[in-house]
1. Please state which of the following conditions residue 416 fails to meet, knowing it meets all the rest: (1) hydrophobic (A, V, I, L, M, F, W, C); (2) outside any loop (DSSP other than H, G, I, E, B); (3) buried (at least 18 other Cβ atoms within 10 Å of the Cβ).
2. Quick check on this structure: which one of 178, 169 is closer than 18 Å to residue 288 by Cβ and not small (Gly, Ala, Ser)?
3. Residue 422 - would you say it is in a loop (DSSP other than H, G, I, E, B) and in contact with a Pro (Cβ under 6 Å, 6 or more places away or on another chain)?
4. Of all residues in segment 206-254, count the ones that are more than 26 Å from residue 424 (Cβ to Cβ) and not in a loop (DSSP other than H, G, I, E, B).
5. Name the residues in segment 255-273 that are assigned to a strand (DSSP E or B) and farther than 29 Å from residue 403 by Cα, would you?
6. Output the qualifying pairs, or none if there are none: Cβ atoms under 9 angstrom, residues six or more apart or on different chains, first residue in segment 149-160 and free of Cβ contacts under 8 Å to residues at least 60 places away in the same chain and at negative phi, second residue surrounded by fewer than 16 Cβ atoms within 10 Å (Cβ to Cβ) and of a type in the set (Lys, Arg).
7. Just to verify a result, which residue in segment 1-45, among those that are of a type in the set (Gly, Ala, Ser) and either in a loop (DSSP other than H, G, I, E, B) or modelled with pLDDT under 95 (or both), is farthest from residue 104 (Cα to Cα)?
8. Please verify whether segment 81-95 includes one or more residues that are among the aromatic types (Phe, Trp, Tyr), within 22 Å of residue 292 (Cα to Cα), touching a His at 6+ places or on another chain (Cβ under 8 Å) and surrounded by 20 or more Cβ atoms within 10 Å (Cβ to Cβ).
Amino acid sequence: MFDKILIANRGEIACRVIKSAQKMGIKTVAVYSDADREALHVQLADEAVHIGESPSTKSYLLADKIVQACLDTGAQAVHPGYGFLSENSAFCEQLIENGIAFIGPKTHAIEAMGDKITSKKLAANAGVSTIPGFTGVLRDAEHAVEIAAEVGYPVMLKASAGGGGKGMRVARDDSECRDGFERAANEARSSFGDDRIFMEKFIEQPRHIEIQIVADSHGNTVYLNERECSLQRRHQKVIEEAPSPFLDDITRARMGEQAVALAKAVDYESAGTVEFIVDQNREFFFLEMNTRLQVEHPVTEMTSGVDLVELMIRVAAGEKLPIEQKDVQINGWAIEARVYAEDPARNFLPSTGRLVYYQPPQEDQHVRVDTGVYEGGEVSMFYDPMIAKLITYGADRDDAIARMHMALDQFVIRGVTSNLDFLSALVAHEAFVSGNMSTNTIAEEYPEGFDATAAPLTDPGKIVAVAAALVRSYRDRAATIEGQLHGQRRLVPDDWVVILKGEQHAVSVAAAEGGYDVSYEGSNYEVRSDWQFGQLLYSGTINGRPIAVQVERHNQTYSLSSGGQMSHLQVLTPREAEFMQYMLVKTPPDTSKLLQAPMPGLLVSIAVKEGDEVKVGQEIAVLEAMKMENALRAERNGVVAKVHFEAGASVEVDEIIMELE
């Protein structure tokens, strides 16, 4: 067994590998860029080596620097995590040439399966069902249009070396095909250093289901059942679960057997994932094989009891698998939600900055949090915007969903905008709860993003009761302080008015042991909590049922969030409420003539110049942030009056890129 390994990655996956290695008694070496100098994975590792500047192309993608770090520290093996160099056969070969083990498959398997064009051909030869399409390399945008006419729209343009949703575009006509080819190629070049693009027929209403396999160097291969990964946004997985609510035992076995056959066809070793597209009739087609650990591996670990990272290390050290296919069971249900620094209300644009507050839910046998950040740390513009992976485990799917609801409500993040409210709404959505979902669900249900303040309240009484209890707590404290100062008792009224979504609601609030009793619209709410002033999470019970509500106070306005729904409320005395009708409402400034940067990033291109006429929806600039290209479009017709930046410039959030007249 190895004495010391180096993790050629960052963030939550680096921390995840470090934990398993330390459990095994193996020392760890972290590598870091300028931006990650104070990162959590650097703090957790036994040693850390600086490998370059903040952009990944100048640090985490530099194989020479990582090999040298191994030689300098005496690391005997490298775990690549996912992304970066995890599926780079040249990097694997370079390690081997220097006597360093690669904790992953051998070079020939990486080359065969890491290239999606080659892997499709091999899969077909191994008897695996494949999607119709063009397995050659598309020369340019016009070639893509020509091939699309033969395959038939809709088509999927995919980076041959891609992964993680990068370098993928769906095209339904020639215009989308040309644009999609350019976007996919640019993202693939930026993320993987390889801009080869191929094409597949796009299957309508598909489900994305994958099989986890693991193999050793002694000819043993097993599949650890499936993961359902259908809830995706822009081809990036958002919610994953194991097992799938859609598969039956016969289909599961067929998919598993085909995955094992493919692995054996390339003499695969280590952990890997064979991904399938599944139609509504449970017919499945090979999508790709990822020759690395997947982001969503925790749900497999929770339901199988297997530590995949430990198995990868043991296989790389030459050990046999400790399990056979007959040992593999499905125990319970696990769900993973990817927590990102992004703004769902602005069509999921990335958010960067300092994590002023970062308080994940308490971990136990039912809740797991894989993260690479900490309170006070930074979410950088240079890398993927993932903050954490939240995993819940239950005896069955309903149990796992219920635990996910509570865990998401308890997850506090401030300083950057996160997708927590969106995740809460998603796991409560009928499509997810029923299991009747596809990879199109998010795009169909949330085409313009998600605004938690616009979501209809399923239980307004709960929010009103908590707001009333909060205000009464503050008023009781103020009365106590004032009474002490003036030597007299100050009485706090029981009758209040809650203003919610412009409507006034009369409530009555009475102090009770451990909290308050709130009367609202003929119903009584026993609100009990040990909440303390200033806390962002209001935990307790209402009528004996557990609640978790996130709280922000802005003078007389309270912002309460729970279950993917955010409400802005005011709680006033009846007299104060009378005067509210006379209060002036501030009109927001008109910014329709300005193109502002929706996030910090790099201006890849400017498509117009001063004096040009533009139309609504026209692409006028492209901004790259967190390895994704974002097209910026005109929100109104007009003429370009002034362009403030040139292509290649870095811009900050809300900075004015150009003005229209």
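The values are calculated or read from the model by the stated rules, or taken from the named source; none is laboratory data. This is a predicted model, so every value here is computed, not measured. Note: ideal-geometry Cβ built from the backbone for every residue, glycine included; neighbour counts use all protein chains shown.
1. Of the numbered conditions (1) hydrophobic (A, V, I, L, M, F, W, C); (2) outside any loop (DSSP other than H, G, I, E, B); (3) buried (at least 18 other Cβ atoms within 10 Å of the Cβ), the odd one out for residue 416 is (2).
2. Testing whether each residue is closer than 18 Å to residue 288 by Cβ and not small (Gly, Ala, Ser) leaves just 169.
3. So residue 422 does not fit the description; no.
4. The number of residues fulfilling the criteria is 16.
5. Passing the criteria: only 270.
6. 153/172; 154/172; 155/172; 159/189
7. 35
8. No, segment 81-95 has no match at all.
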